[in-house]
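Below you'll find the structure, written out as structure tokens, and then a few comments.
The values are calculated or read from the model by the stated rules, or taken from the named source; none is laboratory data. The shown structure was predicted, so the numbers you read here are calculated from the model rather than taken from an experiment. Glycine also receives a Cβ, built like all others from the backbone with ideal geometry; neighbour counts cover every protein chain displayed.
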Amino acid sequence: MATLKLSLIIVFLVIWVKRKLDLGLGIILGSIILGLITMQWDATLKIVAATSYKWATVDMILSLIMIFYFIEIWQKSGKTNILVNSLNHIFGGSPAVAVIPPAILGMLPMIGGAVLSAPFVSESKESKNFSTSKKAFLNYWFRHLWEYLLPTYPGIIISAGLIGISYGKIFLLNVPVSIAAILLGFLFGMPGVNWFKKKTDKSLADVDKKQFFYSILPISVIIISTILIKGALLISLIITIILMLIFYKFSIAQSYTMFKKTFKIAIVFIIWGVMSFRGVMEASGIIPQLVQEFTDWHVPVLLLLILLPFIIGFMTGVTQAFVGISFPLLLGYLKADNGFFTLAYISGFLGVMLSPMHYCIIVNKEYFNATWKEVYKPLVLPCVIILIFTLVLVELRSKYFP
């Protein structure tokens, strides 16, 4: 049974992580075990081996390594401090300045994008006394406020095409969830603090415009080039890094030391593991089997709309995966009721948010040197509340706005 097989893999990974063993190796082993119980052993090993040198895997590994290197250079140059101080002036020293960068950068889809906003959260004056868990939560949560509704994200684009619904309609359907996520972020991120209270009389007029421009230029180049040119992340990172090393006058020895500090072999194994796991799941056909089992068991519609997208989102850590796999199978329900679409999409995305396969949660954990317990402890309850809120929202809509 597909359900039992996937459950065994989840239990294996949970035990593996609980024992504080290397996550990447755990996912690779999980991929092999899943393959051995769903397909031929030689086919499994071929998929896992071939995944290691596929360009999609290599590109992702190199991009994440370069992102960490870029951030180290950016910080060592002092530009992140200048940028944070400028934002403090612009927003009058409001504590909200800690989460504005991840919220803004979160409007743009980018692999492992949470790590780009992490320095702002860690260097903000208000976050200096925050625990590692709080910092990791604030950066990760506020980085993902907009994937519920913005058409800059592939999941929204695919959903609109599959269901035949406009982006404007999706925005209106899901915007209450984004608003709830913002409120929950403040509530759980820093309870008891007036996030919007100004602490200084500083304003935009007090900002050194030239310094602000030069401090924000490196990240702007990467974001703009990624938007304008498909697949440009890695090359834009390499070019930007080279120019930064030259203009900030870092020596070869300093450049090597910074790279050595930021290079994490764990990232290599994690990305290889995630890509292998996805490849084995696709080749084994276990997801269609899972769907068929749910259908055969006559799982209630609401439960099906929650469980199927959530499980696929959790197992893959990719929004496009739960949309592309589960939505065609649920299409009749999704087209019949917009509330069903909201419930299915939010459920799937919460699966992605909680998935150890999600690239953002991986790099976020690595950047803040957090344990998995520190990552998940503040994250689970807000996700549960979002799901409950969505269920209530869907029920109210069906009752008062059928």
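Considering only residues of the stretch 198-234 that are outside any helix (DSSP H, G or I) and among the small types (Gly, Ala, Ser), which is modelled with the highest pLDDT? Here the residue is Ala232. Candidates Gly317, Gly332: the one that is among the small types (Gly, Ala, Ser) and without any contact (Cβ under 8 Å) to a residue 12 or more places away in the chain is Gly332.
I'd like to check something: does the stretch 78-87 contain any residue that is among the small types (Gly, Ala, Ser), at pLDDT 75 or above, assigned to a helix (DSSP H, G or I) and more than 21 Å from the chain's Cα centre (by Cα)?
So the first thing to find is which residues in the stretch 78-87 are among the small types (Gly, Ala, Ser), and the list is 78, 86.
After this cut, where a residue has to be at pLDDT 75 or above as well, the list is 78, 86.
Cutting the leftovers down to assigned to a helix (DSSP H, G or I) gives us 86.
The next check asks that each one be more than 21 Å from the chain's Cα centre (by Cα); those that pass are 86.
Yes, the stretch 78-87 contains at least one residue that is among the small types (Gly, Ala, Ser), at pLDDT 75 or above, assigned to a helix (DSSP H, G or I) and more than 21 Å from the chain's Cα centre (by Cα).
Of the residues in the stretch 62-73, none is loosely packed, with under 13 Cβ neighbours inside 10 Å and in a helix (DSSP H, G or I).
Assess whether Lys46 counts as being closer than 17 Å to Ala283 by Cα, of a type in the set (D, E, K, R) and either assigned to a helix (DSSP H, G or I) or out of contact with any strand residue (DSSP E or B) (no Cβ under 8 Å at 6 or more places or on another chain) (or both). Against the criterion (closer than 17 Å to Ala283 by Cα, of a type in the set (D, E, K, R) and either assigned to a helix (DSSP H, G or I) or out of contact with any strand residue (DSSP E or B) (no Cβ under 8 Å at 6 or more places or on another chain) (or both)), Lys46 qualifies.
Among the residues of the stretch 42-53, those that are more than 22 Å from the chain's Cα centre (by Cα) and either closer than 24 Å to Ala114 by Cβ or surrounded by 20 or more Cβ atoms within 10 Å (Cβ to Cβ) (or both) comprise Thr44, Ile47, Val48. Restricted to the stretch 96-164, the set of helices (runs of 4 or more DSSP H) holding at least 2 residues that are of a type in the set (Val, Ile, Thr) comprises 100-105, 114-123, 154-163.
Set side by side, the residues Ile111, Ile179, Ile156 differ, and just one is without any contact (Cβ under 8 Å) to a residue 24 or more places away in the chain and within 16 Å of the chain's Cα centre (by Cα), which is Ile156. Going through (1) in contact with a Lys or Arg (Cβ under 8 Å, 6 or more places away or on another chain); (2) part of a helix (DSSP H, G or I); (3) over 22 Å from Ala118 (Cβ atoms) one by one, Ile15 falls short only on (1).
Out of the helices (runs of 4 or more DSSP H) lying entirely within the stretch 265-361, which hold 3 or more residues that are farther than 26 Å from Ala50 by Cα? Steps first, please.
Details: elements: 265-284, 286-296, 301-316, 319-329, 331-336, 338-353.
Qualifying helices (runs of 4 or more DSSP H): 286-296, 301-316, 319-329, 331-336, 338-353.
Per-residue answers, yes or no, for (1) surrounded by fewer than 20 Cβ atoms within 10 Å (Cβ to Cβ); (2) more than 20 Å from Thr44 (Cβ to Cβ); (3) not polar (S, T, N, Q):
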residue: Ile270; (1), (2), (3): no, no, yes
residue: Gly273; (1), (2), (3): no, no, yes
residue: Glu282; (1), (2), (3): yes, no, yes
residue: Gly285; (1), (2), (3): yes, no, yes
residue: Thr295; (1), (2), (3): yes, yes, no
residue: Leu302; (1), (2), (3): yes, yes, yes
residue: Ile306; (1), (2), (3): no, yes, yes
residue: Pro309; (1), (2), (3): no, yes, yes
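Filter the stretch 248-279 for residues that are in contact (Cβ under 8 Å) with a residue 12 or more places away in the chain and of a type in the set (D, E, K, R) and give the result. Across the stretch 248-279, the qualifying residues are Lys261, Lys264, Arg278.
Each residue in the stretch 18-32 was checked for being more than 17 Å from Val363 (Cα to Cα) and of a type in the set (Val, Ile, Thr), and 2 of them qualify.
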